[in-house]
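Note sheet for the following structure.
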Amino acid sequence: MTIAPESAMTPALSLKRISKNYGGLEVLSEVSFVVPQGSIFGLAGPNGAGKTTLLNIVSGFDVANSGSKSVMGHDATKMDALSLSKVGVARTFQNIRLFKGLTVREQVNAGAYRHRQASIIAGMIGLRSQRTDNNVTQGMTEEALAFVGLSDSADLLAENLSYGDQRRVEISRAMATKPSLLLLDEPTAGMNEADWMPIADLLQRLRRQGTTIVVIEHNMRLIERICDEIVVIAAGAVIAQDEPQRCLRLPQVRLAYFGKSS
Amino acid sequence: MLIIEQIINGISIGSIYAMFAVGFGIVFSTMQVLNLAQGVYATFGALFTYFALTLIGVPFWLAAILGVTGAAILAVIADQVAFEPLRRKNIGMLGAIIASIGVWIALEEVASILTDATPIGFPSGSIPRESISIGGVSILQTQVLAISLSAIVITAVYVLLHRSRVGAAIRAVGFDKSSAMIVGVNPRTMIVSAALLSGAVTGLSGILLVGGQSFNFTTGNVLLLQGFAAVVIGGYGSVLGAALGGVLIGVVQTMSQSFISSAFQDAITFGLVLVVLLYFPRGLLGTTETVRA
Amino acid sequence: MNPQTALALSALSFAIAGSVLALSTYIALWTGLLSFGTVAFAALGAFTTTFLINNMDLNFWLALLVSVIAGGIAGLIVGKVFIKLATHWLALATVALVLIARVLVVNFPGFTGGSGGTVVPVKLSIWELGLLLIFVCLLLSRLAQSKFGIAATTTREDPQVAASLGVPVARVRVIAFGISGALGALGGVMLSTQLGYIDADTFFIALSVTVIASVVLGGAYHWAGSVVGAAVFTGLPVYISQFMTHGQFIINGLLLLVIIVFLPGGLIDPVRWRRWRARRAGPGKSSQPMQSSSTDAEVLS
Amino acid sequence: MKSKRSLHSLTGRKRSRTAIVGLAAALSMVLVTGCGSTDSDTSTAAPTETSTTEEAQSGRAINVGLLAAETGPLAGAGGAFLSGALIGQQLVNETGLIGNGNTINLVIQEASEDPARSATVAAQIAADEQNVGLVCCILSPVAGAVSAVANRDGLPVILYGATQPGLAQPPYIFRTTTMPQFANETLGRELSEETGLKSVAYIVMTDNEGIVSQSESFKAGFASAGVEDLGTVEIVAKQTNFASAATSAIALGAEAISISATQAEAVGMVAALYDKNYDGQIIGLETLTGVGVFDSNPDALDKVPFPVYFLPSEVNEAGQRFVDAYNAEYGTLPDSFAAQGFNAIWVMGAALAGAGVEPTRASLGESLNALTEVPGTIYGTVKFENGQMLAVESVKIVSYSKPDGVIVPWIAP
């Protein structure tokens, strides 16, 4: 559950003129867009366009040099990763970042951490609240595992799973936080159709549950299939924002992608 | 007069700290290793010199060169035996620190056996002992030697690291191995040369420290602590920072010792270290390459 | 009593005290922080207890309690101050802490006996020591299951990701330092009762190096590792001593190297076991090379 | 013959070879156990050596424990103490000092002057009722740790090196350490009277209580001769910056500078003062004795007076016997550490002589407590007060002589 006012009016995410540069090199310039609640929102664009940097800024892994952002109606401009997670932001990573040495179940259970009410101290002494917490988070964990279809491999070491399954673990870890805004960085990178199809409808099921999803993707078919709206970023600037089909036909987009507009 | 003499004393011991700190810093900035065995290299630099003087009987300058060479080779061997495997297995900071503790313990015992754990010193007449007196200020020739040598060596290291292609390559490796490879630098060669350089500088600092006094197999540990303070205060990754840090420590120590209280000199030094760590996260002259907070 | 038994018992009591010190360091390491500070807290505990007994003629257990609390508070303060430092700089800061602690011990004779040191009026029996250790181990196994356990582990593995999952990384680390301080004080008192006499150099760099080495050798990924490590470190020298004179340090050093290179997880490494089981179980079609676990890049860099 | 071998393996000169042997031993050890230890503080230990001599047949061999320090930071001094103690065992037995045909048999355990290790090994020795006494300890903290064990198990101990005041605590803890404090006082007084010294400055290592109390005794000595105290310069252990301490001390402008510090620091200070062309009288202390000290800085150490209780070139009959035996065994002359080691065993022998036909801990304890003076030691007739041995008469003011570094009686310039 998040503290956010769940009204359809307030956008899940709104960015205003976000700029970022690394030692003079401008990576993002004045990026602004709004992600309505309950939508699947695509971030497209050629490599090095600054998509991941943008996601890092949204999730508090990186700080913008200027501009403002708000999440579920909260001004999140100054928030770090921790406080953003408190308002319901969760993410996955382009290069998978699972905890080494933990089983699938432990990874996902860690995702449910913020739903533990007991104070850390109470946990040490092992008060009742601790046990109820464990039960609650266990429930969430199993749910999240089942959702991505990993219940069977729950006790395996995550690092021993296949690439695709590791991505599922990351997604289900993020889901276990019960996010209101889920950020996915190339969830189907390097997957063949058989692999990414299930992910696609997994995301759609998530959306049906009311989670807003922002997804970075290169896979145009996936984008056209699930996204309600996409923005295309090139060289750190938004060059188009529309429904996927139309957007991808725009000349400047084709130029950015294929170097030719026709 | 007294205060001037004390300042000179401070600068001379400080210049030795500085040299050690530079050696320490080279290793850290290129290999991200906090090498606790660095102090032992200094001890061995002095030991090799001692043996060259007593067993072979060569003149001091030659003995010193042998000592420096010995320390440098020792540093390379230690690096290849202890740290190279860790780098290959990508075991990070903690692993390296523990490994360096291992090297430290082992080498110190070797030194203890070599010296029968008794104090030794460079034979009389091997080094200039007289002191020069200028207007009531008396300066030891060993002090002059220490100050001038470290000034030269540190400048040389600075030029080598910051003005030469090799140096650029070494620092590139320190900054980012993979990208260094891309620009055609062989990281291993560079790391070995870094170890060599650091070992040599450290060894020389050891020789200068014990020149004119007696020492034993634990002498290097003192340098380790002071040098560590110096690099923290001056900032890693910056040759000049580490050097100035060393001199600063030397002067501060001497001043507190002669005008406040020697009892608290370590508290003062390392209190300063904490303050710098906490409020000057990059050291007083550190570079942005090493952010600590 | 048979001399060999006496030797074993005495070695064991030092091993027990050592374990508690190692566990104090382990707690910090659990959250990814290498701390040399344990011995500073040990000094605080030992000298406080001795002072309270000698000068306030307090009951030992009461004095111990006070010292442990004092250690805990000191730990929290140190953690709060140092937390802003990136991990390996924090390690250096704790080294400075130890050096300063020694100077303070030497220069406050009224409290510590100064450089002359002070006699420890109490000697704990092996049983009392054992019970204390068991109590600490219970606490730790409980912690491992608790909210703190999850927070600590995830913090060590990837602080950024942990934070993004709602783990208050900084707070967890400060708390870890608090516990480390309390355990350090406890271990210091236990050690002092076995030494019977403590001075400024009792709790110095040499000891902190030993303690850290124990943790790593035993295994920094499970509290049991620290206990095993300390046992090996404090117990074995006494026995090796009976077989050799010089060069034991050379062996010690090389041994530490071998361990860190070939068993980076230490003797007790749950992760290694898990992987081993996983490999035996088979099905996990490993898509990644087995990486060295435990004291790994992630721990500190 | 066994005793011979053990003696050899224990001389400093043979240390390196022993090291290799030990190394091999340890390697095999490690191979067997498959695990090991790292501890930069506790160090290696000598194999338990029990040497018996021919006289043993008639009477009984009485076991006395000894904590050796052949390794660790004090290995230098430790070796000398041990060598002396072994000669002590040899002569006590050859001269039949104990009587009743009884002989002393040292049970030697390496503890490397580390408190924890020493306490552990002491506990082992104490646990064996066969061991009626224990001889040990160069460092005061170690002495403290061992005393705690000994008091618990009622094991009589003779300390031979620790100099901190108040360590001797009858009924169990006795100390034969020839306390430098008395020597320093004597030196201070006599030297000032001989040279008509007017003023003196002090350099004192302040973070070592034993040393501080030594400096106090120097001050008392000089004061008693009416020498003016022009001030004290403080240094600390692990000092690197001797030059600045020297500058400060010289600046006090005294006719003499008295140094109180542990060995390395004392030598360093002497050198720094010398190099800074200090033209007054530099006065050292007993820590200036020891293997390798003179060679470490011949120019500076020449002509620096310091007090010793024992001087091979000027010994009484007992001392001569010791010197000869030592020289025969090791081919060198004993230093004052070796002498202390020897004397501790000799006193132990004398105490055992008064402890009945079948000495026990109890009887040895009583005998030690009853001990008020022991005649015929290498220090002449020594007195005991509250468990502390006094040998003030045998204090000698000495200095190193160039170029060979032999310690000779000091001649006032």
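The values are calculated or read from the model by the stated rules, or taken from the named source; none is laboratory data. Just so you know, these numbers come straight off a predicted model, no measurement behind them. No Cβ is skipped: glycine too gets one built from the backbone with ideal geometry, and neighbour counts run over all protein chains shown.
Being crowded, with 20+ Cβ neighbours inside 10 Å, of a type in the set (A, V, I, L, M, F, W, C), part of a helix (DSSP H, G or I) and within 12 Å of chain C (Cβ to nearest Cβ) is the requirement here; does B:A64 meet it?
Against the criterion (crowded, with 20+ Cβ neighbours inside 10 Å, of a type in the set (A, V, I, L, M, F, W, C), part of a helix (DSSP H, G or I) and within 12 Å of chain C (Cβ to nearest Cβ)), B:A64 does not qualify.
Yes or no, residue by residue, for (1) assigned to a helix (DSSP H, G or I); (2) touching a helix residue (DSSP H, G or I) at 6+ places or on another chain (Cβ under 6 Å):
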| position | (1), (2) |
| --- | --- |
| D:S215 | yes, no |
| D:D229 | no, no |
| D:T247 | yes, yes |
| D:A300 | yes, yes |
| D:F310 | no, yes |
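Does C:A15 count as part of a helix (DSSP H, G or I), modelled with pLDDT of 95 or more, within 18 Å of C:S192 (Cβ to Cβ) and in contact with a helix residue (DSSP H, G or I) (Cβ under 9 Å, 6 or more places away or on another chain)?
Spelling it out, it is not the case that C:A15 is part of a helix (DSSP H, G or I), modelled with pLDDT of 95 or more, within 18 Å of C:S192 (Cβ to Cβ) and in contact with a helix residue (DSSP H, G or I) (Cβ under 9 Å, 6 or more places away or on another chain).
Specify which of the listed residues (C:T94, C:T87) is at pLDDT 85 or above, of a type in the set (S, T, Y) and within 21 Å of B:L274 (Cβ to Cβ).
After ruling out the rest, the residue left standing is C:T94.
Report whether or not C:L65 is at pLDDT 95 or above, more than 14 Å from chain D (Cβ to nearest Cβ), surrounded by fewer than 20 Cβ atoms within 10 Å (Cβ to Cβ) and touching a Gly at 6+ places or on another chain (Cβ under 7 Å).
no
Being over 21 Å from the mean Cα position of the chain (by Cα), buried (at least 17 other Cβ atoms within 10 Å of the Cβ) and of a type outside the set (V, I, T), is that true of even one residue in the stretch B:95-105?
yes
Listed residues A:A112, A:A90; which is surrounded by 23 or more Cβ atoms within 10 Å (Cβ to Cβ), assigned to a helix (DSSP H, G or I), within 14 Å of another protein chain (Cβ to nearest Cβ) and touching a Gly at 6+ places or on another chain (Cβ under 9 Å)?
Sole residue among the options that is surrounded by 23 or more Cβ atoms within 10 Å (Cβ to Cβ), assigned to a helix (DSSP H, G or I), within 14 Å of another protein chain (Cβ to nearest Cβ) and touching a Gly at 6+ places or on another chain (Cβ under 9 Å): A:A112.
Name the pairs whose Cβ atoms lie under 8 Å apart, with the first residue in the stretch C:171-196 and on the phi > 0 side of the Ramachandran plot, the second part of a helix (DSSP H, G or I), and 6 or more positions between them or separate chains?
As it stands, the answer is C:G196/D:A119; C:G196/D:G144; C:G196/D:A145; C:G196/D:S147; C:G196/D:A148; C:G196/D:V149, since those pairs meet every condition given.
Quick test for you: out of A:T177, A:T211, pick the one residue that is at pLDDT 85 or above and either surrounded by fewer than 19 Cβ atoms within 10 Å (Cβ to Cβ) or touching a helix residue (DSSP H, G or I) at 6+ places or on another chain (Cβ under 7 Å) (or both).
Only one candidate passes the filter, namely A:T177.
Cβ-Cβ distance below 7 Å, separation of 6 or more or different chains: which pairs start in the stretch D:219-245 with a residue that is more than 14 Å from chain B (Cβ to nearest Cβ) and surrounded by fewer than 21 Cβ atoms within 10 Å (Cβ to Cβ) and end on one that is basic (K, R) and in a helix (DSSP H, G or I)?
Every condition considered, the pairs that remain are D:S224/D:R189; D:A225/D:R189; D:D229/D:K219.
Given the structure, is A:G190 more than 14 Å from chain C (Cβ to nearest Cβ), assigned to a loop (DSSP other than H, G, I, E, B) and touching a residue at least 12 places away in the same chain (Cβ under 8 Å)?
Taking the combined requirement at face value, the residue does not satisfy it.
I need the full set of residues from the stretch C:158-209 which are part of a loop (DSSP other than H, G, I, E, B), in contact with a Pro (Cβ under 9 Å, 6 or more places away or on another chain) and not small (G, A, S), in order please.
C:V167, C:D199
Scanning for something β-branched (V, I, T), more than 30 Å from C:V119 (Cα to Cα), under 16 Å from the mean Cα position of the chain (by Cα) and surrounded by fewer than 24 Cβ atoms within 10 Å (Cβ to Cβ), does the stretch C:216-225 turn up at least one residue?
Within the stretch C:216-225, none of the residues are β-branched (V, I, T), more than 30 Å from C:V119 (Cα to Cα), under 16 Å from the mean Cα position of the chain (by Cα) and surrounded by fewer than 24 Cβ atoms within 10 Å (Cβ to Cβ).
Given C:A6, C:A22, which one is closer than 16 Å to C:A182 by Cβ and within 14 Å of chain D (Cβ to nearest Cβ)?
Going through C:A6, C:A22 in turn, just one is closer than 16 Å to C:A182 by Cβ and within 14 Å of chain D (Cβ to nearest Cβ): C:A22.
Got at least one residue in the stretch D:63-71 being surrounded by fewer than 24 Cβ atoms within 10 Å (Cβ to Cβ) and either part of a loop (DSSP other than H, G, I, E, B) or in contact with a Gly (Cβ under 6 Å, 6 or more places away or on another chain) (or both)?
No; the residues of the stretch D:63-71 include none that is surrounded by fewer than 24 Cβ atoms within 10 Å (Cβ to Cβ) and either part of a loop (DSSP other than H, G, I, E, B) or in contact with a Gly (Cβ under 6 Å, 6 or more places away or on another chain) (or both).
Can you name every residue in the stretch D:372-404 that is over 22 Å from D:I345 (Cβ atoms), touching a residue at least 40 places away in the same chain (Cβ under 8 Å) and loosely packed, with under 15 Cβ neighbours inside 10 Å?
D:K402, D:P403
If I filter the stretch C:68-96 down to residues being outside any helix (DSSP H, G or I) and of a type in the set (A, V, I, L, M), which single residue comes out as surrounded by the most Cβ atoms within 10 Å (Cβ to Cβ)?
Among residues in the stretch C:68-96 that are outside any helix (DSSP H, G or I) and of a type in the set (A, V, I, L, M), the one surrounded by the most Cβ atoms within 10 Å (Cβ to Cβ) is C:L85.
Quick one: which residue in A:L184, A:L156, A:L150 is more than 25 Å from C:A278 (Cβ to Cβ) and within 14 Å of another protein chain (Cβ to nearest Cβ)?
A:L184
Residues checked against (1) hydrophobic (A, V, I, L, M, F, W, C); (2) surrounded by fewer than 24 Cβ atoms within 10 Å (Cβ to Cβ); (3) more than 7 Å from every other protein chain (Cβ to nearest Cβ):
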{"site": "B:V210", "(1), (2), (3)": "yes, no, yes"}
{"site": "B:Q213", "(1), (2), (3)": "no, no, no"}
{"site": "B:T219", "(1), (2), (3)": "no, no, yes"}
{"site": "B:L225", "(1), (2), (3)": "yes, yes, no"}
{"site": "B:G234", "(1), (2), (3)": "no, no, yes"}
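Quick one: C:Y26 ticks every box in (1) part of a helix (DSSP H, G or I); (2) over 16 Å from the mean Cα position of the chain (by Cα) except a single one, so which number is it?
Only one criterion in (1) part of a helix (DSSP H, G or I); (2) over 16 Å from the mean Cα position of the chain (by Cα) is unmet by C:Y26, namely (2).
Quick one: in the stretch C:211-246, of everything that is closer than 14 Å to D:T120 by Cα, in a helix (DSSP H, G or I) and among the polar types (S, T, N, Q), which residue is modelled with the lowest pLDDT?
Across the stretch C:211-246, the extreme among qualifying residues is C:S241.
Select from the stretch C:52-62 the residues that are surrounded by fewer than 18 Cβ atoms within 10 Å (Cβ to Cβ) and in contact with a Leu (Cβ under 7 Å, 6 or more places away or on another chain) and list them in ascending order.
Selection gives C:L58 alone.
Just the residues that are more than 9 Å from chain C (Cβ to nearest Cβ) and either over 20 Å from the mean Cα position of the chain (by Cα) or on the phi > 0 side of the Ramachandran plot (or both), please, taken from the stretch B:253-267.
Answer for the stretch B:253-267, where residues must be more than 9 Å from chain C (Cβ to nearest Cβ) and either over 20 Å from the mean Cα position of the chain (by Cα) or on the phi > 0 side of the Ramachandran plot (or both): B:M255, B:S256, B:Q257, B:S258, B:F259, B:I260, B:S262.
Looking only at the stretch C:192-211, filter to residues that are touching a Leu at 6+ places or on another chain (Cβ under 7 Å) and more than 8 Å from chain D (Cβ to nearest Cβ); which one of those is nearest to C:F51 (Cα to Cα)?
Per the stated criteria, the residue is C:T193.
Condition first: more than 10 Å from the chain's Cα centre (by Cα), more than 26 Å from D:T262 (Cβ to Cβ) and either of a type outside the set (A, V, I, L, M) or outside any helix (DSSP H, G or I) (or both). Now tell me which residues in the stretch B:184-221 satisfy that.
Within the stretch B:184-221, B:G184, B:V185, B:N186, B:P187, B:R188, B:T189, B:S193 meet the criteria.
From (1) free of Cβ contacts under 8 Å to residues at least 40 places away in the same chain; (2) part of a loop (DSSP other than H, G, I, E, B); (3) more than 23 Å from D:V291 (Cα to Cα), pick out the condition that doesn't hold for D:E358.
All conditions pass for D:E358, except number (1).
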